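One structure is given here, and the rest of the page talks about it.
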Amino acid sequence: MTQPAAEPHDPPGRLWELLDDGQRKALRAEAELRQYPAGTVIIREGDRSDWVLILMTGRVKITSVSTGGYDAVLAVRDPGDIIGEMASMDGSLRSATAIAVEPVTGLWLSSRAFNSVLREQPGISVVLLRIITSRLRYANSRRTEFGDSTAAERIAAILVDLAERYGVPVAEGTLIALKINQRDLAGLASASREAVARTLRTLRADGLLSTGRQRLVVRSLNDLRQLAPDDH
């Protein structure tokens, strides 16, 4: 499968790919290999648990309950990413839920083992700090970008990001190779499901998008970019 392009605001790489061989070996030595079927809730918001997971295969969506009571999708984590590191490092409750979008295989480490490796391999902490800082910067830039935009513009921007990050060329255009539904799009775009359905209908009518059951094909990425916020 063609490798997806990096999202413009992505962190400076995935944790695993930024580590050297010695650092990876140290983590593997303390880890258990665990597997999770698609749909598994790997981490639940509000829980107290003391472990981290480094994704080897499969993708995970990160969600949180919004003030309106619905699940907002905050991000998608890919192979090489780490999840659960914040609560593991500071002992706090889980701040978000992590759900396997696809079958997931990962390196599971208890907090004690993970922090022990960090003490022995301080370079890993430097990489983690870069990644966490970049995630915060991305969240801030997204809030600024979306501040004055309409729901339709935000949805267009999310579709552009997904096509750039997970896009696979097909005959009709660019297939977003990530299982995602209208609720997920609503969460990512901070929009209602009604606004998502309405926008998708308009994009289909304009010939910019083809949809199926958890299948999205962007027929004209350049035209879709024109509908996104100006600074996207």
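The values are calculated or read from the model by the stated rules, or taken from the named source; none is laboratory data. Computed from a predicted structure; not experimentally measured. No Cβ is skipped: glycine too gets one built from the backbone with ideal geometry, and neighbour counts run over all protein chains shown. In case anyone asks, the SASA skips ligands and DNA or RNA and just uses the protein heavy atoms, side chains included. Shrake-Rupley method; radii C 1.70, N 1.55, O 1.52, S 1.80 Å.
Please tell me if Ala139 is within 28 Å of Leu175 (Cβ to Cβ), at pLDDT below 85 and open to solvent by 20 Å² or more (accessible area, probe 1.4 Å). Answer is yes for this residue. Being among the acidic types (Asp, Glu) and out of contact with any helix residue (DSSP H, G or I) (no Cβ under 7 Å at 6 or more places or on another chain) is the filter here; which residues of segment 25-59 pass it? Hits for segment 25-59 are Glu32, Glu45, Asp47. Number of residues in segment 22-54 that are of a type in the set (Lys, Arg), open to solvent by 70 Å² or more (accessible area, probe 1.4 Å) and assigned to a helix (DSSP H, G or I): the value is 2. Consider segment 83-125 and keep the residues that are part of a loop (DSSP other than H, G, I, E, B) and in contact with a strand residue (DSSP E or B) (Cβ under 9 Å, 6 or more places away or on another chain). The one that is surrounded by the most Cβ atoms within 10 Å (Cβ to Cβ) is Gly84.
In the set (1) over 17 Å from Ile43 (Cβ atoms); (2) open to solvent by 20 Å² or more (accessible area, probe 1.4 Å); (3) at pLDDT 95 or above, the condition left unmet by Gly80 is number (2). All of Arg219, Arg204 fail the test of being surrounded by 15 or more Cβ atoms within 10 Å (Cβ to Cβ) and of a type in the set (D, E, K, R), apart from Arg219.
To keep it simple, each residue is scored yes or no on (1) assigned to a helix (DSSP H, G or I); (2) under 16 Å from Val73 (Cβ atoms); (3) open to solvent by less than 40 Å² (accessible area, probe 1.4 Å); (4) at pLDDT 90 or above.
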{"site": "Val127", "(1), (2), (3), (4)": "yes, no, yes, yes"}
{"site": "Thr144", "(1), (2), (3), (4)": "yes, no, no, no"}
{"site": "Arg183", "(1), (2), (3), (4)": "yes, yes, no, no"}
{"site": "Val196", "(1), (2), (3), (4)": "yes, yes, yes, yes"}
{"site": "Asp223", "(1), (2), (3), (4)": "yes, no, no, yes"}
{"site": "Asp230", "(1), (2), (3), (4)": "no, no, no, no"}
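If the condition is being acidic (Asp, Glu) and under 20 Å from the mean Cα position of the chain (by Cα), then segment 173-231 contributes only Asp184. For residues in segment 198-221 being small (Gly, Ala, Ser) and over 12 Å from Gly173 (Cβ atoms), which is modelled with the lowest pLDDT? Filtering segment 198-221 for residues that are small (Gly, Ala, Ser) and over 12 Å from Gly173 (Cβ atoms), the one modelled with the lowest pLDDT comes out as Gly212. Restricting attention to segment 55-77, the residues being buried (at least 17 other Cβ atoms within 10 Å of the Cβ), of a type in the set (A, V, I, L, M, F, W, C) and under 19 Å from Pro37 (Cβ atoms) number 4.
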